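First the structure, in the form of structure tokens, and then the observations on it.
The values are calculated or read from the model by the stated rules, or taken from the named source; none is laboratory data. Bear in mind that the values here come from a model prediction, so they are computed numbers and not experimental data. Using ideal geometry, Cβ is built from the backbone for each residue, glycine included, and neighbour counts are taken over all protein chains shown.
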Amino acid sequence: MSQQALFVSDLHLSAERPEANEQFFRFIADEAARARVLYVLGDLFEYWAGDDELSDAAGDPLARDVAAAFKTLADSGVRVALMHGNRDFLVGKAFLAASGAQLLDDPSVIKFAGKRLALLHGDTLCTDDHDYQAWRLTARSAEWQREFLSTKLLERRKTIQGLREKSKEVIAAKPAEIMDVNQKAVREVFRHLKLRHMIHGHTHRPARHEHQVDGARCERWVLPDWYGRGGYLALDDVGPRLVSF
């Protein structure tokens, strides 16, 4: 097996986007099947209303198919690691059990190909977006999640749809730079974790960036979203590279 790690984020899988779904299943069967480990750094789904999306009754067939694809990958020996994003932070123990995936903290630090890397979804770096950070704090609280998950699945989906529509309006009215990372926040992560390499998604602005932190040169890779062509970051002994489909 190749000693290769693959990193994806912001796939936003949904029944409304069949092309992205088809690309995902091809990716799992092809590139991911040849890797050592697959890291999914948040927003695997367009939204996740709760693990009862896996149920046979009112659940989402796509959710079951995605979990089954991950389980096949994990059973073949490829480690699958999943991080919560801002759209799918309600993914829980049932999905992890069905998919064979391991849940990653945000941030997480891994060692691969002789490097220590920080892995994040990326939304915590966007500190200039004060409205979003306030909402994130609320939505990640145990109290809010307990109350939300106590309602019926169909009601949760309607609530999420309403939040998505409102979010589109709010985003359209904000300057684009507010929704990008804050450079000070990036430097603080490098400094706090004492490393020089970072990978994240969320901003949908794939690129490689260099930062000077306390006299050291640090590297930050931003993953592509799958609203367009899609792609991933591959890391092996040669180094990291962004790959577009």
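Structural remarks
- Residues being closer than 17 Å to PRO224 by Cα and among the aliphatic types (A, V, I, L, M) - total across the stretch 177-212: 5
- Of the helices (runs of 4 or more DSSP H) entirely within the stretch 113-221, those holding at least 2 residues that are over 22 Å from TYR47 (Cβ atoms) occupy 183-193.
- Selection of the stretch 40-66 for residues being within 29 Å of LEU125 (Cα to Cα) and of a type in the set (Gly, Ala, Ser) yields GLY42, ALA49, GLY50, ALA63.
- Qualifying residue in the stretch 76-88 (condition: in contact with a Lys or Arg (Cβ under 9 Å, 6 or more places away or on another chain), buried (at least 16 other Cβ atoms within 10 Å of the Cβ) and in a helix (DSSP H, G or I)): no
- Matching residues in the stretch 205-243 - criterion: being in contact with a Gly (Cβ under 8 Å, 6 or more places away or on another chain), farther than 19 Å from ARG87 by Cβ and buried (at least 16 other Cβ atoms within 10 Å of the Cβ): LEU242
For (1) under 26 Å from LEU163 (Cα atoms); (2) touching a strand residue (DSSP E or B) at 6+ places or on another chain (Cβ under 6 Å); (3) modelled with pLDDT of 95 or more, each residue gets a yes or a no:
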| residue | (1), (2), (3) |
| --- | --- |
| ALA67 | yes, no, yes |
| ALA74 | no, yes, yes |
| GLY77 | no, no, yes |
| HIS84 | yes, no, yes |
| PHE89 | yes, no, yes |
| LYS93 | yes, no, yes |
| ILE110 | no, yes, yes |
| LEU119 | no, yes, yes |
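- Number of the condition not met by THR127 [criteria: (1) within 22 Å of TYR232 (Cβ to Cβ); (2) surrounded by 15 or more Cβ atoms within 10 Å (Cβ to Cβ)]: (1)
- If the condition is being surrounded by 18 or more Cβ atoms within 10 Å (Cβ to Cβ) and either in a helix (DSSP H, G or I) or at pLDDT below 95 (or both), then the stretch 6-47 contributes ALA20, ASN21, GLN23, PHE24, PHE27, ILE28, ALA32.
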